[in-house]
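Asks: Quick one: this structure, given as structure tokens, is what I'll be asking you about.
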Amino acid sequence: MNEHLRQCGAVLAASMLAAGAAQAANLALKCGETGRAGVEAQRIKAMAVDVVKRQSTHVLQVAAAGKTLRFADKPPYDEPLDGERYEFCERREGFILLAHADGDEFTGKLVNEATGKVTVSGDAVLFSADRRAYFATSQENGRDASTWAIYALDGRQSWRGGDYLPHPTKPDYKAAQLSQQRWEASGEFSAQAQCLAGKNPPWRVKLVKTGGAWNWHPQRSCPDTETGS
């Protein structure tokens, strides 16, 4: 009986560890639709009651680590591509994501509830399994590409680029589109690349630091295209 209980306990422990690892690896926050009346209030009620509140029409308040953080919009308030605006998006596992629209740039702010520290992020955030880094996406109005960036937990930026592989001789043109980004079990960051021209099959690339610079590898040749970023 004791041996049976030990075996059951071992299986249960292994299952819990696996579930915990899967949960850790899957921590993602995103903003989705913003600016629609009532949506933010519903999100706050569902995820952040007594932690996040709209103090006034243009002031968002967040409680973290014994601090009261205030995020104030800046005029003009009624111009969609001018001024500065904040909106609550999601709260998960001790992190709060706020949408941050600054003129025609749409990014985000990440609040660490344990420390009260506010760092730059994007409208979507994906944490590494060990929580030491996070990936963020942002968008500039009128630009035919998203900006991708990777930050350390303290907000230091380690890499910044676009959601595409540039043309080898024309850096302002796209050779391949990047998608399906993820953190690998090894801690490396990868994405799927797809040539914009021709019928080459997609392949996975990883961010690799060589000669002091980060680049996507492996590189493959794509048929020529004239798609700008």
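The values are calculated or read from the model by the stated rules, or taken from the named source; none is laboratory data. Keep in mind that this is a model prediction, so the values were computed, not measured. Every residue, glycine as well, gets a Cβ built from its backbone with ideal geometry; the counts of neighbours run over all protein chains shown. Note: areas computed on protein heavy atoms with side chains; ligands, DNA, RNA excluded. Shrake-Rupley method; radii C 1.70, N 1.55, O 1.52, S 1.80 Å.
Asks: Please report the carbon-and-sulfur percent of the accessible area for the chain; probe 1.4 Å, protein heavy atoms only, DNA, RNA and ligands left out.
Replies: On the way: 6700 of 12880 Å².
Here it works out to 52 percent.
Asks: Give me the distance in nm between label points sitting 7 Å out from Cα along the Cα-to-Cβ direction at Asp78 and Thr115, one decimal.
Replies: Output for this residue pair reads 4.2 nm.
Asks: Using the Cα centre as the reference, give the magnitude of the dipole from point charges on the C-beta atoms of the chain (Lys, Arg: +1; Asp, Glu: -1; all else neutral), rounded to the nearest 20 debye.
Replies: Details: 28 positive and 27 negative charges, 145 e Å.
In debye, rounded to 20, the chain gives about 700.
Asks: For region 27-162, what is the largest minus smallest coordinate of the Cα atoms on each principal axis, given in angstrom and ordered from greatest to least?
Replies: Principal extents (Cα only, largest first): 38, 35, 21 Å.
Asks: Residues of the chain: accessible area per residue at 1.4 Å, in Å²?
Replies: Numbers: 12880 Å² over 229 residues.
Heavy-atom SASA per residue in the chain reads 56 Å².
Asks: Find the centroid of the Cα atoms in region 129-157 and in region 161-179, then give the distance between the two in whole Å.
Replies: Value for the Cα centre distance between the two parts: 17 Å.
Asks: From the residues Thr107, Cys31, Gly66, which one has its Cα farthest along the dipole of the chain in the positive direction, the dipole being from +1 and -1 charges on Cβ of Lys/Arg and Asp/Glu about the Cα centre?
Replies: My answer, from the dipole projection, is Gly66.
Asks: Next question. Filter the cross-link list Lys170/Lys206; Lys30/Lys109; Lys30/Lys74; Lys30/Lys67 down to pairs whose alpha-carbon distance in this structure exceeds 19 Å. Before the final figure, lay out each step's value.
Replies: Numbers: Lys170/Lys206 21 Å; Lys30/Lys109 11 Å; Lys30/Lys74 23 Å; Lys30/Lys67 24 Å.
In this structure, Lys170/Lys206; Lys30/Lys74; Lys30/Lys67 lie more than 19 Å apart at Cα.
Asks: At most 10 other Cβ atoms within 10 Å and a DSSP loop assignment: could you name the GluC sites (Glu not before Pro) in region 152-229 that fit? Intermediate values should be presented prior to the final figure.
Replies: On the way: sites: Glu184, Glu188, Glu226; in loops: Glu184, Glu188, Glu226.
Here the sparse-neighbourhood loop sites are Glu226.
Asks: Are there trypsin sites (Lys or Arg not before Pro) in region 97-184 that DSSP puts in a loop and that have at most 15 other Cβ atoms within 10 Å, and which ones?
Replies: Passing sites in region 97-184 are Arg131, Arg132, Arg143, Arg156.
Asks: Sorting check: for 88-96, 212-220, which peptide has the highest mean count of neighbouring beta carbons within 10 Å, and how do the rest follow? Can you show the working numbers first?
Replies: Working: 88-96: 19.8, 212-220: 12.7.
Ranked from most to least packed, the peptides come out as 88-96, 212-220.
Asks: Which value in Å is the Kirkwood Rh of region 163-228 over different Cα pairs? Intermediate values should be presented prior to the final figure.
Replies: Details: mean 1/r = 0.0812 Å⁻¹.
Result for region 163-228 stands at 12.3 Å.
Asks: Can you work out the FRET efficiency for the pair Thr169 and Val208, with r the C-beta to C-beta distance and R0 = 22 Å, to the nearest 0.05? Walk me through the numbers before you get to the answer.
Replies: On the way: r = 21 Å, r/R0 = 0.96.
Efficiency, rounded to the nearest 0.05: 0.55.
Asks: Here's something else I'd like to know. Which semi-axes, in whole Å and largest first, does the equivalent ellipsoid of the chain have when worked out from the alpha carbon gyration tensor as the square roots of 5 times its eigenvalues?
Replies: Working: eigenvalues 207, 188, 41 Å².
They are 32, 31, 14 Å, listed largest first.
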